[in-house]
Amino acid sequence: MIVYVTSDEYLGVNRDLWDERVPIHLGSEFYDLAGFRAGADTLRDFEIAEVGDVSGRTLAHLQCHFGLDTLSWARRGAKVAGLDFSAPAIEAARGIADETGLDARFVVSDVYDAPEALGATFDVVYTGIGALCWLPDVGRWAETVAAVLNPGGFLYLSEFHPFADILDEETGTTVAFDYFDRTPQEWNEPGTYTDGDGTTRNNRSIEFLHGVGDVVSAIVAAGLRLEFLHEHDHTLFARYATLEKDGQRYRLPEGRPRVPMMYSLRATRV
């Protein structure tokens, strides 16, 4: 059940939640750390196609968790830096980098402090996959992205579509929530997306809904030029009980009207 709140406690509350879940995620089948250590790539096929060749380019991954996607870009030739507000996550990322011999720099920081924390600018800023819902101010986020991009560099955002958040979780057929309500949402749920039955203590979280229009408008206002916005009819987990697995993706059953469940965009700093 959603409880609507007005709160500026989000940073500490959410950090406590993510800190506790790092060891659970590290041991989960969802992240398959053993497979990654053996050479697997965690990036999605559409991301690889839309970002293009990163060989020799500098890339910053904002809100990187424990860095498997960050290190996957390193495997593809990028010179990477990852940033996350969770110290246990960054400690784990550094350990995985050492174990795999991948060259990467990882920094503990709130994303809004990225320009100072990273101390550099980059050819590519990569972010998303459930990242923006943890941030209260998407305009400030877009300004942060612009501040860490080199002229001619680009932002690549791959994210869950907010339209999917307004549908009921069981069937995905009924509008259950208000797309335009921007009130912070407080949740109190044990476990985590890798282990719904996991025993956890810090179960409170505060999340924020940003419409696609909010995100695009913020990016443009920050001085970036939108190159494309793609909407996708699939997602990366069983968002609704009716979804069927299709390789890396989950889709609605054949013949059912489709809805957008993810989106991706690319925007250049001119």
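The values are calculated or read from the model by the stated rules, or taken from the named source; none is laboratory data. Quick caveat, the model's predicted, so the values are computed rather than measured. All Cβ positions, even for glycine, are placed from backbone atoms using ideal geometry, and neighbour counts span all protein chains on display.
Is it true that residue 210 is under 30 Å from residue 150 (Cβ atoms), of a type outside the set (Asp, Glu) and in a loop (DSSP other than H, G, I, E, B)? Even if it seems obvious, please write down each step before you answer.
Values: under 30 Å from residue 150 (Cβ atoms): yes; of a type outside the set (Asp, Glu): yes; in a loop (DSSP other than H, G, I, E, B): yes.
So residue 210 fits the description; yes.
Quick check: is even one residue across region 174-181 small (Gly, Ala, Ser) and touching a residue at least 12 places away in the same chain (Cβ under 8 Å)?
Looking for residues that are small (Gly, Ala, Ser) and touching a residue at least 12 places away in the same chain (Cβ under 8 Å), one finds none in region 174-181, hence no.
What tally of residues in region 44-64 results from selecting those that are part of a loop (DSSP other than H, G, I, E, B) and of a type outside the set (Gly, Ala, Ser)?
6
Looking at region 13-21, is at least one residue among the polar types (S, T, N, Q) and either out of contact with any helix residue (DSSP H, G or I) (no Cβ under 6 Å at 6 or more places or on another chain) or not in a helix (DSSP H, G or I) (or both)?
Initially, region 13-21 is screened for residues among the polar types (S, T, N, Q), giving 14.
Filter again for either out of contact with any helix residue (DSSP H, G or I) (no Cβ under 6 Å at 6 or more places or on another chain) or not in a helix (DSSP H, G or I) (or both), leaving none.
Checked against the condition, which is being among the polar types (S, T, N, Q) and either out of contact with any helix residue (DSSP H, G or I) (no Cβ under 6 Å at 6 or more places or on another chain) or not in a helix (DSSP H, G or I) (or both), region 13-21 yields no hits at all.
Can you pull out every residue in region 226-258 that is farther than 30 Å from residue 153 by Cβ and not charged (D, E, K, R)?
237, 238, 240, 241, 242, 243, 247, 250, 252, 253, 255, 257
Suppose we keep only residues that are within 15 Å of residue 129 (Cβ to Cβ) and hydroxyl-bearing (Ser, Thr, Tyr) within region 223-270. Which one would you say is surrounded by the fewest Cβ atoms within 10 Å (Cβ to Cβ)?
Looking at residues that are within 15 Å of residue 129 (Cβ to Cβ) and hydroxyl-bearing (Ser, Thr, Tyr), I get 250.
Can you tell me which residue among 217, 158 is under 30 Å from residue 52 (Cβ atoms) and free of Cβ contacts under 8 Å to residues at least 40 places away in the same chain?
Among 217, 158, only 217 is under 30 Å from residue 52 (Cβ atoms) and free of Cβ contacts under 8 Å to residues at least 40 places away in the same chain.
Looking at 209, 229, 265, 252, which one is within 27 Å of residue 13 (Cα to Cα) and touching a residue at least 24 places away in the same chain (Cβ under 8 Å)?
Of 209, 229, 265, 252, the one residue that is within 27 Å of residue 13 (Cα to Cα) and touching a residue at least 24 places away in the same chain (Cβ under 8 Å) is 209.
So which residues in region 63-77 are touching a Gly at 6+ places or on another chain (Cβ under 8 Å), closer than 20 Å to residue 144 by Cβ and either surrounded by fewer than 17 Cβ atoms within 10 Å (Cβ to Cβ) or among the hydrophobic types (A, V, I, L, M, F, W, C) (or both), if there are any at all?
If the condition is that a residue be touching a Gly at 6+ places or on another chain (Cβ under 8 Å), closer than 20 Å to residue 144 by Cβ and either surrounded by fewer than 17 Cβ atoms within 10 Å (Cβ to Cβ) or among the hydrophobic types (A, V, I, L, M, F, W, C) (or both), then 64 is the only one that fits.
Can you tell me how many residues within region 34-56 are surrounded by fewer than 16 Cβ atoms within 10 Å (Cβ to Cβ) and without any contact (Cβ under 8 Å) to a residue 60 or more places away in the chain?
Total meeting the criteria: 11.
Quick check on my filter: what residues within region 241-270 are closer than 15 Å to residue 167 by Cα, assigned to a loop (DSSP other than H, G, I, E, B) and either of a type in the set (Gly, Ala, Ser) or in contact with a Ser or Thr (Cβ under 6 Å, 6 or more places away or on another chain) (or both)?
Once the filter is applied, which keeps residues that are closer than 15 Å to residue 167 by Cα, assigned to a loop (DSSP other than H, G, I, E, B) and either of a type in the set (Gly, Ala, Ser) or in contact with a Ser or Thr (Cβ under 6 Å, 6 or more places away or on another chain) (or both), region 241-270 yields 241, 242, 261.
Just need a number here: residues in region 119-134 that are outside any strand (DSSP E or B) and either surrounded by fewer than 21 Cβ atoms within 10 Å (Cβ to Cβ) or more than 16 Å from the chain's Cα centre (by Cα) (or both).
To start, the set of residues in region 119-134 that are outside any strand (DSSP E or B) comprises 119-121, 129-134.
The next check asks that each one be either surrounded by fewer than 21 Cβ atoms within 10 Å (Cβ to Cβ) or more than 16 Å from the chain's Cα centre (by Cα) (or both); those that pass are 119-121, 129-131, 133-134.
Total satisfying the criteria: 8.
For region 139-177, which residues satisfy the criterion of being touching a helix residue (DSSP H, G or I) at 6+ places or on another chain (Cβ under 7 Å), surrounded by 18 or more Cβ atoms within 10 Å (Cβ to Cβ) and of a type in the set (Val, Ile, Thr)?
Residues satisfying the conditions are 144, 148.
Counting only residues that are part of a helix (DSSP H, G or I), in contact (Cβ under 8 Å) with a residue 12 or more places away in the chain and not small (Gly, Ala, Ser), how many does region 65-112 have?
Step one: list which residues in region 65-112 are part of a helix (DSSP H, G or I), which gives 68-75, 87-100, 111-112.
From the residues that got through so far, the ones that are in contact (Cβ under 8 Å) with a residue 12 or more places away in the chain too are 68-75, 87-90, 92-94, 96-97, 99-100, 111-112.
From what's left, not small (Gly, Ala, Ser): 68-71, 73, 75, 88, 90, 94, 96, 99-100, 111-112.
Total meeting the criteria: 14.
Identify the single condition in (1) over 29 Å from residue 222 (Cβ atoms); (2) at pLDDT 95 or above that residue 192 does not satisfy, given that it satisfies every other one.
So the condition that residue 192 fails would be (2).
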